[in-house]
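Written out below as structure tokens is the structure these notes cover.
Throughout, read-outs are computed from the coordinates displayed, never taken from laboratory work. Everything numeric in this text was worked out from a predicted model, so none of it was measured. As a convention, Cβ positions derive from the backbone with ideal geometry for all residues, glycine included, and neighbour counts pool all protein chains shown.
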Amino acid sequence: RAKSAGRGVVEVFDDELRAELSARAELETALRRGLDGGELVLHYQPVLDLQTGRTRSVEALVRWQRPGHGLVPPDSFIPVAEASSLVCDLGRWALAEATAQLVRWDAEGGHRAGLDVAVNISGRHLAQAHLLDDVTDALTASGIAASRLTVEITETVLVDEPLALEHLRSLREIGVRVAIDDFGTGYTSIGQLSRLPVDVLKIDRSFVSSPEAGNGDLVRLLISAAHSFSLGVVAEGVEEDTQLSALLAASCDAAQGFLFARPVPADDLPAAAFAVDGAGRGARS
Ligand code: C2E
Ligand code: MG
Ligand code: MG
Ligand code: MG
């Protein structure tokens, strides 16, 4: 009896696994078709320079306008894309699209001209030999200066992929900037920062927004450590004035978050800014 019950459990598990696998395969096929068919779109979120209070760059964030499903957020499909080379095709597309967008904004003039852009690149893509070609192709096709492009990599990638480090060094040699995304959620120690081929550290939203005691000290510590290694610091997920004040007091270089602007389509990008007074305190405007 126990035996047959056990077999039943295995069968149910099997069915669930089969269903899960076929759902993933279906999603992957739809995503592949969507990428080829122009269903993916980049939204852009302003990143503000905390010295001037003005938007200096934007982060490109992918969304999927999937017919019948509305606007699908990246967390629902990037993990599936990362299971195959699809995430590399997506990354190549995002690099080309984001650099082309800078050209369109430059031509348009006004508050969107002259911005820099950051593109998220998957660890899987970073480990591919063609990553460097994908970046240089995007720069050549657009004519955008390499220094206007930042590649964002999550910190776990640096631990997992030896080739990734090599590619980051090559990117920096041609003038592309490198940022570690979601810093603080992985296992990189502050000591390792001095040896990593990166220019910018992005402090994860959980440290910036969590009201837990001690996080303020941690953020201040991260900022001063990053500065001592000549890294710039961007705070992610800034939602409240009090967080902005704390970041200004800690000499953080840049910030992004819903306090200033949400990610929006290219044509809707606002002139996000806040007023900086002599004491270095900011007030949103
Ligand atoms: P990320 O690179 O850390 O991007 C920041 C995420 O935080 C974005 O979510 C953004 O909308 C969200 N965010 C910004 N400010 C705030 C805030 O004040 N409060 C809160 N609660 N959230 C805020 P999004 O757009 O859903 O992207 C999620 C993740 O998907 C990204 O995290 C990134 O890891 C990945 N991703 C997005 N676009 C791409 C892409 O083109 N390629 C790859 N490989 N990954 C991407
Ligand atoms: Mg990012
Ligand atoms: Mg992040
Ligand atoms: Mg993230």
Counting all Cα-Cα pairs in the chain, those more than 29 Å apart amount in percent to 39 percent
Which one of Gly214, Val264, Thr150 is farthest out on the positive end of the charge dipole of the chain, using unit charges on Cβ (Lys, Arg +1; Asp, Glu -1) and the Cα centre as origin? Gly214
Considering only the other residues whose Cβ falls under 13 Å of the Cβ of Val41, what net charge follows from Lys and Arg at +1 and Asp and Glu at -1? -2
I'd like the orientation of helix 215-228 relative to the chain: the angle between its Cα long axis and the longest Cα principal axis, in ° from 0 to 90, rounded to 10. 70 degrees
Using a basic spin-label model with each label point 7 Å from the Cα along Cα→Cβ, how many nm lie between Ser84 and Ala249? 5.2 nm
Lys, Arg +1 and Asp, Glu -1 on Cβ, resulting dipole of the chain about Cα centre, debye, nearest 20: 120 debye
So which GluC sites (Glu not before Pro) in the stretch 138-220 are both in a DSSP loop and have at most 11 other Cβ atoms within 10 Å of their Cβ? Glu212
Cα extents of the stretch 232-277 along the three principal axes, largest first, in whole Å? 33, 21, 18
Considering only DSSP beta bridges where both residues belong to the chain, give the percentage that are antiparallel (nearest 5). 50 percent
For the residue pair Gln51 and Glu239, what label-to-label distance in nm results when each label sits 7 Å from Cα along the Cα-to-beta-carbon direction? 3.1 nm
From the alpha carbon gyration tensor of the stretch 176-285, can you work out the equivalent ellipsoid semi-axes (sqrt of 5 times each eigenvalue) and give them in Å, largest to smallest? 23, 17, 14
